[in-house]
Amino acid sequence: MDTMTDLTKAQRRVLDFIQVGLQAGRSAPTLREIAEKFGFASHRAAAVHLAALKRKGFIESDDGKARSLRVISPLQKFRSVVRDIPLYGSIPAGFAEPREQDAEGCVSVDINSVGYKPTKYAFALRVRGESMIGRHILDGDFVILEHGPDPRNGEIVAALIDNECTLKTFVVKNGKPFLKAENPKFPNLIPAQELVIQGVFRALIRPAQP
């Protein structure tokens, strides 16, 4: 990754000259003005420095437009893509209970930080309860899930079991699926009639504690 330490002294001086002028409300300098400022023998020398600054991601410009130089913050190059994922209420991480999920806003996710790129089928739920502490999922956490994929044995899922929703580990034993609690204080859940997977766990977000 390019940083300020990757610039030569001449490139840094040119960058500072451009930035100071823009911050003062002046138009971006031309090649001639840059060459005159630093005593370059030709406009080409100025163009070479600008090309290097563009290649390293410190400036940008519109093709064919004079005075369109813009300085990019060094941190802006590394800024992650943030996605807003719909938040559909809460989900019990304890005993299953009947509940209709209502959208109540979004959870903003930094893709690089969570190591996962959400699709259009991603959704978030707020965790209530402590049955998943063995998988480091705590009361008040937000879980990001994907609707659609079939869960693999051992994956965490949001599920509707006999018309009651819960967050548990999906397990198949002897060909029969059930939901495993990750806290010995809570029982495993075996479907009497129906088990519908609503989403497969993909990422965890833990709000800062006050």
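Observations, loosely collected:
- Sites listed here are trypsin sites (Lys or Arg not before Pro) in region 120-165 whose DSSP assignment is loop and whose Cβ has at most 15 other Cβ atoms within 10 Å: Lys120, Arg152.
- Less than 5 angstrom separates the built amide H of Leu7 from none of the residues sequence-distant by 5 or more or on a different chain.
- Exposure here means at most 10 other Cβ atoms within 10 Å; with GluC sites (Glu not before Pro) in a DSSP loop as sites, the longest stretch of the chain lacking them is 1-99.
- Whether region 113-210 is rounded, prolate or oblate, judged on the alpha carbon gyration tensor where a/c under 1.5 counts as rounded: oblate
- Viscosity 0.692 mPa s, 37 °C: Kirkwood-radius Stokes-Einstein D of region 4-78 over Cα pairs, µm²/s: 264 µm²/s
- Partners of Lys54 within straight-line reach, counting lysines whose Cα lies under 23 Å from its Cα and excluding those fewer than 8 residues away in the same chain: Lys9, Lys37, Lys65, Lys77.
- Axial C-alpha extent at least 15 Å, average Kyte-Doolittle at least 0.0 - helices from the chain (DSSP): 43-55
- Sequence-distant aspartates and glutamates (8 or more away, or on other chains) whose Cα lies within less than 15 Å of Lys120: Asp84, Glu146
- Relative contact order for the chain: 15 percent, from Cα pairs under 8 Å spaced at least 6 residues apart, divided by residue count.
- Rounded FRET efficiency, nearest 0.05, which uses the C-beta distance separating Ser68 from Ser42 and R0 of 22 Å: 0.55
- Placing R0 at 45 angstrom, the Cβ-Cβ distance between Asn153 and Phe17 gives a FRET efficiency of 0.15 after rounding to 0.05.
Read the figures in this text as sums done on the coordinates, not as results from a lab. For clarity, every value in this text was computed on a predicted model and none was experimentally measured. In this analysis, Cβ positions are derived from the backbone assuming ideal geometry, glycine residues included, and neighbour counts consider all displayed protein chains.
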